[in-house]
Number of protein chains: 2
Amino acid sequence: MNRLSLNQWTTRRWTVAEAIEGCVRHGIPAIGLWRAHVAAHGLEATAALVRDAGLRVSSLCRGGFFTEDGWLEDNRRAIDEAAVLGAACLVLVVGGLPRGSKDLGGARARVGEALHELAPYAASRGVWLALEPLHPMYCADRAVVSTLGQALDLAPPEVGVVVDAFHVWWDPDVEHQIRRAAGRIASFQVCDYLVPLPADVLLGRAMMGDGVIEFEPLRAAVDAAGYTGDIEVEIFNAEVWAADPDEVLVTVKERYAALIQAGPR
Amino acid sequence: MNRLSLNQWTTRRWTVAEAIEGCVRHGIPAIGLWRAHVAAHGLEATAALVRDAGLRVSSLCRGGFFTEDGWLEDNRRAIDEAAVLGAACLVLVVGGLPRGSKDLGGARARVGEALHELAPYAASRGVWLALEPLHPMYCADRAVVSTLGQALDLAPPEVGVVVDAFHVWWDPDVEHQIRRAAGRIASFQVCDYLVPLPADVLLGRAMMGDGVIEFEPLRAAVDAAGYTGDIEVEIFNAEVWAADPDEVLVTVKERYAALIQAGPR
């Protein structure tokens, strides 16, 4: 389990302190933190907790949403927070179409500009920005960056990318694009893809093994691209959230061992 | 309105005879037919109806689903029906992952094989097969062909493709792929993309103008690729289906004139 990370949204009813204790209790060596949870506990206090617990912070979620008012200040604050937490990267979800706009090309160009504007500040704080392409079904309302290839094309080379199995598994070009991403993979996230999708498509993320994704080719491609960082389990799912978080972590470890950690056949 | 086509599923409560009468009444010169509706009226009788009405059959929906038992016979029957109807093409929706399988690469390779197997029969009957890439959210359960580029790569050159705005609007590479598709665009379908998606994501297809798609770049790209065929309005939407079909056709014509027909700025 030495590369397993719990994205804390998987156990969303836990506070940041409870999630950190949960990781320690279950022998999970890393955690992906969310800004709102961190803010609720206090930034410095959270940094001290993870340090004292001996955990790595595999990511901080999240910056981005580059079309909202105050985006630059907010993203700089997120970078500052990632620096204090010692996070391996700051995940960026770029946002959808601006309200009332249908100019998808313009929105995408704006993402490239924002990344170029933000990258020097991130570099100055030693924080790796990680652009996350989201599944195309979220293109209008959540992220106009829809494929790994597009993320690599849009971002300056010092900006990394997130490979999230849920978002990229369908892409006929994904293995090629993961090879292209060698040296730029800042985060590898896993969960499964539910069929049929639930009424709220944001909650279509399932426990590994409960959906349709074959993880092995993705894991092998990420390995071959030289990624040696943490593998973060991030599940947005009403049933998982309703379950006892300790039981969820038992299942996460079982499924991770069987489906993710096993490595190439 | 000389290139407008009504895909009959847009007015699904109408029989094939009612839909043909509706097209005539509203001055719509073409219709996209569905096999089940045609079968209910009778194949030869439907062919006579559309001929007598002076309508073009812009497409027959649909063949495909290459992993189901009896797929080859069923697709040959669909080709025969398209020939009798004089349809401009037979739309192919290839199907998702076989039951219980997660082998996406294998399912995609199977599509290429099936198309190669089917193409000579279609050629012998003078029917143009039209492979339809579906939005990636349907990859597992409806069509493992998820992008226009992938469709062009998988299909033999004599097989055409469908460009459906709903399925491709998000694709950062779509304008390039439409250029690549010059000479192979067998059908251009339009409807809008609803945000948020409804609980049944199959019904996220909306009246043009009610969603987030900017049609002009797609229309311009399809024009530039030399496509001069019909432009088919295909809407799967509970509210549209609940409305009076004659009122739906009035709106279709208004929106088509304003958003699709207007052409490049």
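The values are calculated or read from the model by the stated rules, or taken from the named source; none is laboratory data. It should be emphasised that the depicted structure is a prediction, and the values quoted were computed from it without experimental measurement. Ideal geometry is used to build each Cβ from the backbone, glycine not excepted, and the neighbour counts take in all protein chains shown. Calculation scope for accessible area: heavy atoms of the full protein, side chains included, ligands and nucleic acids excluded. Shrake-Rupley method; radii C 1.70, N 1.55, O 1.52, S 1.80 Å.
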**Evaluation of A:Ala220 against (1) under 21 Å from A:Ile260 (Cα atoms); (2) within 11 Å of chain B (Cβ to nearest Cβ) (one fails), failing number** = (2)
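Kindly establish whether A:Gly70 is surrounded by fewer than 18 Cβ atoms within 10 Å (Cβ to Cβ) and under 22 Å from A:Val24 (Cα atoms).
Judged against the criteria, A:Gly70 is not a match.
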**Message:** For a quick check of your reading of the model, give me the residue pairs whose first member lies in region B:248-259 and is under 13 Å from B:Asp210 (Cα atoms), whose second is open to solvent by 70 Å² or more (accessible area, probe 1.4 Å) and modelled with pLDDT of 95 or more, with beta-carbon atoms closer than 8 Å and at least 6 apart or on different chains.
**Reply:** none
**Prompt:** Can you name the condition, by its number, that B:Ala155 falls short on among (1) without any contact (Cβ under 8 Å) to a residue 60 or more places away in the chain; (2) of a type in the set (A, V, I, L, M, F, W, C); (3) closer than 15 Å to B:Ile260 by Cβ?
**Reply:** (3)
**Request:** Would you please name the residue that is nearest to B:Val168 (Cα to Cα), looking only at residues in region B:120-134 that are crowded, with 17+ Cβ neighbours inside 10 Å and not aliphatic (A, V, I, L, M)?
**Result:** B:Pro133
**Prompt:** Looking at A:Val93, A:Val159, A:Val111, which is the one that is touching a Lys or Arg at 6+ places or on another chain (Cβ under 6 Å), β-branched (Val, Ile, Thr) and at pLDDT 95 or above?
**Reply:** A:Val93
**Asked** On the given criteria, is B:Gly63 within 20 Å of B:Ala155 (Cβ to Cβ), more than 14 Å from chain A (Cβ to nearest Cβ) and open to solvent by less than 50 Å² (accessible area, probe 1.4 Å)?
**Response** yes
**Item:** Selection status of A:Ala243, surrounded by fewer than 23 Cβ atoms within 10 Å (Cβ to Cβ) and more than 13 Å from chain B (Cβ to nearest Cβ)
**Value:** yes
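Select, from A:Ala123, A:Ala151, A:Ala109, the only residue that is facing chain B (nearest Cβ under 10 Å), among the aliphatic types (A, V, I, L, M) and not in a loop (DSSP other than H, G, I, E, B).
A:Ala151
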**Asked** Can you tell which of A:Asp164, A:Asp103 is acidic (Asp, Glu) and open to solvent by less than 50 Å² (accessible area, probe 1.4 Å)?
**Response** A:Asp164
**Prompt:** Given the conditions (1) in contact with a His (Cβ under 7 Å, 6 or more places away or on another chain); (2) modelled with pLDDT under 95, and given that A:Ala199 satisfies all but one, which numbered condition is not satisfied?
**Reply:** (1)
**Request:** For region B:189-205, enumerate the residues that are open to solvent by less than 10 Å² (accessible area, probe 1.4 Å) and either within 12 Å of chain A (Cβ to nearest Cβ) or in contact with a Gly (Cβ under 7 Å, 6 or more places away or on another chain) (or both).
**Result:** B:Asp192, B:Tyr193, B:Gly204
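Return the residue satisfying two criteria in turn: it lies in region A:135-148 and is more than 7 Å from every other protein chain (Cβ to nearest Cβ) and buried (at least 24 other Cβ atoms within 10 Å of the Cβ), and of such residues it is farthest from A:Glu113 (Cα to Cα).
Among them, the one singled out is A:Leu148.
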**Prompt:** Scanning for something open to solvent by less than 40 Å² (accessible area, probe 1.4 Å), in a loop (DSSP other than H, G, I, E, B) and in contact (Cβ under 8 Å) with a residue 40 or more places away in the chain, does region B:217-226 turn up at least one residue?
**Reply:** yes
**Asked** Are any residues in region B:80-100 open to solvent by 40 Å² or more (accessible area, probe 1.4 Å), in a helix (DSSP H, G or I) and either hydrophobic (A, V, I, L, M, F, W, C) or within 14 Å of chain A (Cβ to nearest Cβ) (or both), and if so, which ones?
**Response** B:Val84
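Please enumerate the residues belonging to region B:154-173 that are more than 25 Å from B:Ala83 (Cα to Cα) and within 10 Å of another protein chain (Cβ to nearest Cβ).
B:His167, B:Val168, B:Trp169, B:Trp170, B:Asp171, B:Pro172, B:Asp173
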**Complete:** Being in contact with a Ser or Thr (Cβ under 6 Å, 6 or more places away or on another chain) and not aliphatic (A, V, I, L, M) narrows A:Gly32, A:Gly42, A:Gly22, A:Gly27 down to just A:Gly32
